[in-house]
Amino acid sequence: MDLSTLTPVQATLIATSITATASAIAVVITHRLTLSRDRRHRLWDRRMDTYAEVLKAAGDLSSVRSHALSKQKLPGDGYDKFESSLQDLLSAKVAMFGSPAVTELNSKALVAFAAWFAAWGRWRSSHVLAQTIPEEVEDARRYWEKVEELSNAADEADKALAAAIKAEAKFKKTERTGLARLAFWRD
């Protein structure tokens, strides 16, 4: 087709169809970018909610340890609310929404608490025996030192976890250079 033979009606129809196609493409692209941004925001919200639960659970476990160290007995209500099924659920949420670094640090904190709790059980058994068997007193003392050592290790694991969560929760505006600074839709 020769462009010189186009009638005004044909030119108008061609221009209208090109404009309609471009508008439809723009709407689809904008919609997909909006969905992507909303998905990122929902993921961020879920991640922060999960991290808040992780920090609360870590605080609860820290309270259990400090109470146990000061009173030499577990609190009646502190450890009961931290069941392993709840921890499994929280670990699953961390695996789904947490970053790999936080997931790993959460696992390390849980392993540290489990080690402390196992040492607590050994000390408690030895302590009960030491009440009636004098030879068991030295073993109970050694077990208590291990409980204190593992409590400090668990506290350090909790601090590392909290620091990683805090570092992730900070909003950082990245500096874009070149054509990337024109990508306003990424914000």
Rg(Cα)/(2.2 N^0.38 Å) for the chain, N = residue count
1.87
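Holding the Cα-Cα limit at 27 Å, pick out from 108/170; 71/170; 73/170; 73/108 the pairs that are longer than that.
Those over the limit are 71/170; 73/170.
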Considering the chain as a Gaussian network with a 10 Å cut-off on Cα pairs, which listed residue, 55, 110, 129, attains the greatest mean-square fluctuation?
129
Please state the charge dipole magnitude for region 12-171, taken about the Cα centre, from unit charges on C-beta atoms (+1 on K and R, -1 on D and E), reported in debye and rounded to the nearest 20.
840 debye
With springs connecting C-alpha atoms under 10 Å apart, model the chain as a Gaussian network and identify which of 50, 34, 16 has the largest mean-square fluctuation.
16
Need the full-extension length gain, residue 24 to residue 111, defined as separation in residues times 0.36 nm minus the C-alpha distance. One decimal, nm.
25.9 nm
Length added when fully stretched, residue 133-residue 43, from 0.36 nm per residue minus Cα-Cα:
26.7 nm
For region 100-127 and region 1-31, what is the separation of their Cα centres, given in Å?
68 Å
Given GluC sites (Glu not before Pro), DSSP loops and at most 10 other Cβ atoms within 10 Å, the longest exposed-site-free stretch of the chain is 1-82
If you filter region 10-40 for trypsin sites (Lys or Arg not before Pro), then keep DSSP loop positions with at most 14 other Cβ within 10 Å, what is left?
none
Charge dipole of the chain about the Cα centre (unit charges at C-beta), most positive-ward option of 110, 132, 22
22
Quick one: 146, 166, fewest Cβ neighbours within 10 Å first, how do they rank?
166, 146
In whole Hz and in residue order, list the ³J(HN,Hα) couplings for region 139-155 that follow from phi through the Karplus curve 6.51 cos²θ - 1.76 cosθ + 1.60, θ = phi - 60°; x for Gly and Pro.
4, 4, 5, 5, 5, 5, 4, 5, 4, 5, 4, 6, 5, 5, 5, 5, 4
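Values in this text are rule-based calculations from the coordinates and carry no lab data. Predicted model only: the values in this text are computed from it and were never measured. Note that we place each Cβ from the backbone using ideal geometry, even for glycine, and neighbour counts take in every protein chain shown.
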